[in-house]
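Heads up, the thing below is written out as structure tokens.
The values are calculated or read from the model by the stated rules, or taken from the named source; none is laboratory data. Predicted, not measured: the structure shown is a model, and the values here were computed from it. Using ideal geometry, Cβ is built from the backbone for each residue, glycine included, and neighbour counts are taken over all protein chains shown. Accessible surface areas use protein heavy atoms only, side chains included; no ligands, DNA or RNA. Shrake-Rupley method; radii C 1.70, N 1.55, O 1.52, S 1.80 Å.
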Amino acid sequence: RVRATVFRVELDSPAELLQTDRTRSIAFFSVGANVGDHGVWAVRAAMNQGDLDSWIVAGDYSSRGGGSHQYRSGMSYSLQRYQGGNTAALAAVADTARNVGSVFAYDEWSVTKDLTVGYGATYTHYDYLIEPSLLSPRVGASYRVGDHWRVRGLASRQLSAPGAQELRVPLTW
């Protein structure tokens, strides 16, 4: 079974539908499918055109829950480019363009019926930073101490760059 969301374009007038120049609108596309009983994959893309054009493409794969081993991995790439004469937009993107690429992988193992351990990391490259590469690792464990109680611990380091919220893809898009 394949899930798909057909892209949507918003136009200011019906005549823009037949124009070949930029529509200065927003479009979104999403497609995904089950991979048998193993997991689910999805690919999403979005685009916005205006004085500050941007687009994002992301994909991920998640294994199905219920087993002793679960994992999730994915990637994203985004671009923001200044195209107009707006000085406020130019101040936001001084180099006229910014690119961000990111990959992530998270893994969780049920060691015993009571103990679960997990680990993973996100690596992100920002082309507009002096030190462009950021690594955000995490490790965690949970232990069942009774029928209705579980103790969880998590250690993580979350790094982000200035302006990253405009270019990063949320994990639950």
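Could you grab me the full set of residues in the stretch 124-159 that are hydrophobic (A, V, I, L, M, F, W, C) and assigned to a loop (DSSP other than H, G, I, E, B)?
The first filter runs over the stretch 124-159 and keeps only residues hydrophobic (A, V, I, L, M, F, W, C), leaving 129-130, 134-135, 139, 141, 145, 149, 151, 154-155, 159.
Leu129, Ile130, Val145, Trp149, Leu159 - these are the residues of the stretch 124-159 that are hydrophobic (A, V, I, L, M, F, W, C) and assigned to a loop (DSSP other than H, G, I, E, B).
Of the numbered criteria (1) hydroxyl-bearing (Ser, Thr, Tyr); (2) over 23 Å from Leu154 (Cβ atoms); (3) surrounded by fewer than 17 Cβ atoms within 10 Å (Cβ to Cβ); (4) modelled with pLDDT of 85 or more, the one Ser30 fails is (4). Condition (residue is open to solvent by 60 Å² or more (accessible area, probe 1.4 Å), touching a Lys or Arg at 6+ places or on another chain (Cβ under 9 Å) and modelled with pLDDT under 90) applied to the stretch 118-128: is it met by at least one residue? The answer is yes, given that some residue of the stretch 118-128 is open to solvent by 60 Å² or more (accessible area, probe 1.4 Å), touching a Lys or Arg at 6+ places or on another chain (Cβ under 9 Å) and modelled with pLDDT under 90. Among the residues of the stretch 100-117, the ones that are touching a residue at least 40 places away in the same chain (Cβ under 8 Å), of a type in the set (S, T, N, Q) and open to solvent by less than 30 Å² (accessible area, probe 1.4 Å) come to 1 in all.
Is there any pair linking a residue in the stretch 54-69 that is farther than 26 Å from Val100 by Cβ to one that is of a type in the set (S, T, N, Q) and open to solvent by less than 30 Å² (accessible area, probe 1.4 Å), with Cβ under 8 Å and at least six apart or on different chains, and which? The qualifying pairs are His69/Ser63. In summary, Arg81 fulfils each of the numbered conditions (1) open to solvent by 20 Å² or more (accessible area, probe 1.4 Å); (2) at pLDDT 80 or above with the single exception of condition (2).
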